[in-house]
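Read through the structure below, which is laid out as structure tokens, and then see the notes.
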Amino acid sequence: MKNKIKAIFGAALSAALLLSACSSPAANTNSPDDKLNIVATTTMLADLSKAIGGQRVTVNGLMGPGIDPHLYQASAGDVSLIQKADAVVYNGLHLEGKMGEIFEHLTGQSPAVICIENGLEKSSLLTAEEDGSAYDPHIWFDVSLWKAAAKTVAEGLSQADPDGKADYEKNLAAYLNELEEADQYIRGRAAELAEEQRVLITAHDAFQYFGRAYGFEVHGLQGISTDAEAGTADVSSLADFIAERRIKAIFVESSVPPKTIEALQAAVKSRNFDVSIGGELFSDSLGDEKSGADTYILTVKANIDTIVDALKEGGGQ
């Protein structure tokens, strides 16, 4: 990520790290009425923390609906939230950019730090670079990997709050059942498409885990990080592919401006083929309450419905 964290955040961070270095890690000993205070980076992780934490936790998310974590610039207010937290939950795999370095420095100090990356087998991850030097961070698009994320959060909360371990394990078991149902729903809807119809084209390359898990060929106009802009050659090449394969629909994303996909649609039209914009997918953020997709499970179901309906019928704009 090329964008630098604001200078005020850097100064506040230095102070926060100095304070944390002087403290020692300790398990939460709060009373039942004094809930565990959790800070989670993304909307997906805030939702997951609520599902596992249940009534024992209060969750503050740093990023709201529609916010792109690749480009997120943290503030001094974020540092304040982190300093007051009993536990911090973040994705890792460079999703949060330089914020990941902040949490790495806090590891072993107070607050407790729960990194989803640490609970994943490296063999389950897709590489983001040809030399294997970096991994694709968009693991939530494969529900089986989100199950592993749920287990990691449950383990981390149990360490931060040993008295709540039984509650966290109970919540985990219930949530894993919900995730299994969501996974089967996605597979059932995907099966409505013939194999040659399962081509997903989106604004940035966030859906490779989805493609691997559910049998879709995936192409993103921008790279894995939205910090990388699509060039004219990228648009032209993908437009050729769409026109040749006669793909019915392409998709905008909730956390990425639609202009690049609109430019792609225009480029396809210049090749004497009309491709629809099949709808908006939730990529690096959940939806808000108004969208009806304000939880992880509602979001993954909404995404597969949008994808299948558009590719089956060629509907959209």
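Laboratory data are not the source of any read-out in this text; all were calculated from the coordinates shown. What you are looking at is a predicted structure, and each value in this text was computed from that prediction instead of being measured. All Cβ positions, even for glycine, are placed from backbone atoms using ideal geometry, and neighbour counts span all protein chains on display.
For the stretch 78-220, rounded, prolate or oblate, judged on the Cα gyration tensor with a ≥ b ≥ c (square roots of eigenvalues), a/c < 1.5 rounded, else prolate if a/b > b/c? Here the stretch 78-220 falls in the oblate category. The length gained on full extension between residue 196 and residue 263, counted as 0.36 nm times the residue separation minus their Cα-Cα distance, comes to 21.7 nm. Each part reduced to its alpha carbon centroid, the stretch 262-293 and the stretch 45-106 end up 28 Å apart.
Report the extension gain between residue 274 and residue 246 in nm, rounded to one decimal, defined as 0.36 nm multiplied by the number of residues separating them, less their alpha carbon distance.
Gain on stretching residue 274 to residue 246: 9.2 nm.
Peptides 91-100, 175-184 ranked from most to least packed, by the mean per-residue count of other Cβ atoms within 10 Å: 91-100, 175-184.
Under 5 Å from the amide H of residue 250 lie the amide H atoms of 276, 277, 278, each residue being 5 or more positions distant or on a separate chain, with H modelled from the backbone and absent for Pro and chain starts. The trypsin sites (Lys or Arg not before Pro) found in the stretch 153-194 include none that occupy coil by DSSP while having at most 12 further C-beta atoms within 10 Å.
Between rounded, prolate and oblate, where does the stretch 154-260 land on the alpha carbon gyration tensor, with a ≥ b ≥ c its root eigenvalues, rounded for a/c under 1.5, else prolate if a/b exceeds b/c? Since a/c reaches 1.5 but b/c is at least a/b, the shape of the stretch 154-260 is classed as oblate.
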